[in-house]
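The values are calculated or read from the model by the stated rules, or taken from the named source; none is laboratory data. Remember, predicted model here, so these are calculated numbers, not experimental data. Cβ sites come from the backbone with ideal geometry, for glycine too, and all protein chains shown count toward neighbours.
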């Protein structure tokens, strides 16, 4: 019986390896993940201050990109109103983002459209509590714990870190739309 289980395991392993998509982008993803293992252990979790929460469409998870009409730039070269960027040659399109103040409270909300971002200041958001609740900003509380972010009552696991860009890439959640990813910017 053990030999049959072993054969099934080997067969499934070979099948899983054989079904992996090939291509340059997959090698880049692997390289980014390998690079992040080093920075994951080197990061001082207790001193992280989150400055932005970005919801993006991840080019490594879907081909449904080009939402933005602007030039695609590396993350560190982005202008304030740009919404498409790359990290390790993988493209991301911003859908929306929360900016936090120095106390970790919501300071503004940016919703990205093809024409550019629609920016809602804290005053705009507090003047329209229904909209603030609709976007999930009314009770958005985030805190960092080693390897994860507690977001209100949800736990988001850090999948990898782009330390040069100060970005924490969260593991996609079950039930998320295809290609959606949460990225936190920190300092």
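The rows are residues; the columns are (1) within 23 Å of residue 177 (Cα to Cα); (2) modelled with pLDDT of 90 or more.
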site: 74; (1), (2): no, yes
site: 104; (1), (2): no, no
site: 119; (1), (2): no, yes
site: 124; (1), (2): no, yes
site: 131; (1), (2): yes, yes
site: 134; (1), (2): yes, yes
site: 143; (1), (2): no, no
site: 150; (1), (2): yes, no
site: 163; (1), (2): no, no
Taking only the range 138-158 into account, find how many residues are touching a helix residue (DSSP H, G or I) at 6+ places or on another chain (Cβ under 8 Å) and under 17 Å from residue 185 (Cα atoms).
5
Report whether or not residue 118 is in a strand (DSSP E or B) and surrounded by 15 or more Cβ atoms within 10 Å (Cβ to Cβ).
no
Looking at residue 95 and the list (1) part of a strand (DSSP E or B); (2) free of Cβ contacts under 8 Å to residues at least 24 places away in the same chain; (3) under 20 Å from the mean Cα position of the chain (by Cα), which single condition is not satisfied?
(2)
Within the range 120-138, residues more than 20 Å from residue 49 (Cβ to Cβ) and within 20 Å of the chain's Cα centre (by Cα) come out as 135, 136
Conditions: (1) exposed (fewer than 15 other Cβ atoms within 10 Å of the Cβ); (2) in contact with a strand residue (DSSP E or B) (Cβ under 8 Å, 6 or more places away or on another chain); (3) at positive phi. Residue 88 meets all but one. Number of the miss?
(1)
Which one is modelled with the highest pLDDT among residues in the range 106-115 that are assigned to a strand (DSSP E or B) and over 20 Å from residue 152 (Cα atoms)?
111
